[in-house]
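Peer 1: Submitted below is the structure of interest, expressed as structure tokens.
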Amino acid sequence: MGEPFVMAKEKPLLHLWEWEERFPGLVAGFTIRTGGVSEQPYGSLNMGLHVGDDPAHVVANRQLLAQQLELPFESWTCADQVHGTQVCQVMAGGAGRESLENVIQATDGLYTDQEGVLLASFYADCVPLFFLDPASGAIGLAHAGWKGTVGRIAEEMVHALEKQFQAKKEELLVAIGPSIGGCCYEVDERIVAHVRVSAKRWEDAVQPSKNGRYMLDLRTLNTRILLEAGISETNILATGWCTSCRTDLFFSHRKEAAAAGTTGRMASFIAWKNKKGEGSVS
């Protein structure tokens, strides 16, 4: 299977093309670090208001994304990510688009079935999870760092979609987006102790490193958790992009914080411009 997140021509975006092709009216994908107005060390398409960048630059970058997706900026909706497992239903767009003061509080997962609501969340190594229920048209995003992953935020989202929209888990589609790979994410015993109780096949995601440390593949661990939650393996798309390997394209907190002390954030995004293509199968 090829890479599901494909670079858009002449735009600073990766598009989740398979979903967009299958469901006309849907936009979904992930931004890269270039093509915006932020100055160093946030150069240049920083999407995060919480990292110290000039807020006017961040808002301009967010407006640029909305324009490229042909959605009104008023649709932009995001949460105050705290590396937890709280997920929240969104009924209308607009939260947090220009200020942290009206962001959705203490939430790492957002979902909606409404048209014209652009869900967004922010990353610089953590794992973006995308959800789509073909039957109801419900869509969602979850932010899964190591804490959210071992807390099984992926499963929390599955349960929320089942409860709110009567989604059938065997029909749910999930995509795992660009994030730090098992090639680059070295962790200690403190973290692996949590990993061992997070999934039955946690060993698939861990490789011994040196000095009592381990290489952790959060994308694989999320896959194992999704499978345990009842998602069909054939309905899971997983990226090959590593944010730490490709700092020409992505911000990487793990790789860049040691050198620069700070870095920007990419955004995952998903929205229905309209749902006329909802449920269609290619």
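Peer 1: When segment 79-95 is examined, which residues are found to be among the small types (Gly, Ala, Ser) and either surrounded by 19 or more Cβ atoms within 10 Å (Cβ to Cβ) or not in a loop (DSSP other than H, G, I, E, B) (or both)?
Peer 2: Scanning segment 79-95 gives 79, 93, 95.
Peer 1: For segment 15-32, give me the residue count where each residue is over 16 Å from residue 118 (Cβ atoms), crowded, with 16+ Cβ neighbours inside 10 Å and touching a residue at least 24 places away in the same chain (Cβ under 8 Å).
Peer 2: Here the count works out to 3.
Peer 1: Now a separate question. Anything in segment 35-46 that is crowded, with 21+ Cβ neighbours inside 10 Å and either of a type in the set (Asp, Glu) or more than 18 Å from residue 7 (Cα to Cα) (or both)? List them, or say none.
Peer 2: Answer for segment 35-46, where residues must be crowded, with 21+ Cβ neighbours inside 10 Å and either of a type in the set (Asp, Glu) or more than 18 Å from residue 7 (Cα to Cα) (or both): 38, 42.
Peer 1: Among (1) out of contact with any strand residue (DSSP E or B) (no Cβ under 9 Å at 6 or more places or on another chain); (2) closer than 26 Å to residue 113 by Cβ, which single condition is residue 37 missing?
Peer 2: If we test residue 37 against (1) out of contact with any strand residue (DSSP E or B) (no Cβ under 9 Å at 6 or more places or on another chain); (2) closer than 26 Å to residue 113 by Cβ, just (2) comes out false.
Peer 1: Okay, next question. So residue 262 ticks every box in (1) touching a residue at least 60 places away in the same chain (Cβ under 8 Å); (2) crowded, with 18+ Cβ neighbours inside 10 Å; (3) among the β-branched types (Val, Ile, Thr) but one. Which box is left unticked?
Peer 2: Tallying (1) touching a residue at least 60 places away in the same chain (Cβ under 8 Å); (2) crowded, with 18+ Cβ neighbours inside 10 Å; (3) among the β-branched types (Val, Ile, Thr), residue 262 fails exactly one: (2).
Peer 1: Condition first: within 19 Å of residue 17 (Cβ to Cβ) and crowded, with 23+ Cβ neighbours inside 10 Å. Now tell me which residues in segment 173-190 satisfy that.
Peer 2: Hits for segment 173-190 are 174, 175, 176, 177, 178, 179.
Peer 1: Against the conditions (1) under 15 Å from the mean Cα position of the chain (by Cα); (2) farther than 16 Å from residue 262 by Cβ, where does residue 48 fall short? Just the number, please.
Peer 2: Checking residue 48 against (1) under 15 Å from the mean Cα position of the chain (by Cα); (2) farther than 16 Å from residue 262 by Cβ, the one that fails is (2).
Peer 1: For residue 52, all conditions in the list (1) assigned to a loop (DSSP other than H, G, I, E, B); (2) buried (at least 20 other Cβ atoms within 10 Å of the Cβ) hold save one; what is the number of the exception?
Peer 2: (2)
Peer 1: Go through segment 96-130 and report how many residues are touching a strand residue (DSSP E or B) at 6+ places or on another chain (Cβ under 8 Å) and not in a loop (DSSP other than H, G, I, E, B).
Peer 2: Total meeting the criteria: 15.
Peer 1: Collect the residues in segment 6-28 that are more than 18 Å from residue 137 (Cβ to Cβ) and of a type outside the set (D, E, K, R), keeping them in residue-number order.
Peer 2: 6, 7, 8, 12, 13, 14, 15, 17
Peer 1: From the list 93, 109, which one is over 13 Å from the mean Cα position of the chain (by Cα) and farther than 19 Å from residue 252 by Cα?
Peer 2: From the options 93, 109, the qualifying one is 93.
Peer 1: Among the residues of segment 108-121, is there at least one that is aliphatic (A, V, I, L, M), surrounded by fewer than 17 Cβ atoms within 10 Å (Cβ to Cβ), touching a Gly at 6+ places or on another chain (Cβ under 8 Å) and without any contact (Cβ under 8 Å) to a residue 40 or more places away in the chain?
Peer 2: no
Peer 1: Checking residue 279 against (1) outside any helix (DSSP H, G or I); (2) closer than 24 Å to residue 168 by Cβ; (3) at pLDDT 95 or above, which single condition isn't satisfied?
Peer 2: Going through the list (1) outside any helix (DSSP H, G or I); (2) closer than 24 Å to residue 168 by Cβ; (3) at pLDDT 95 or above, residue 279 breaks only (3).
Peer 1: Got at least one residue in segment 185-204 being touching a residue at least 60 places away in the same chain (Cβ under 8 Å) and out of contact with any helix residue (DSSP H, G or I) (no Cβ under 9 Å at 6 or more places or on another chain)?
Peer 2: No, that holds for no residue.
The values are calculated or read from the model by the stated rules, or taken from the named source; none is laboratory data. Computed from a predicted model, the values in this text were never measured in an experiment. Virtual Cβ from ideal backbone geometry, glycine too; neighbours counted across all protein chains shown.
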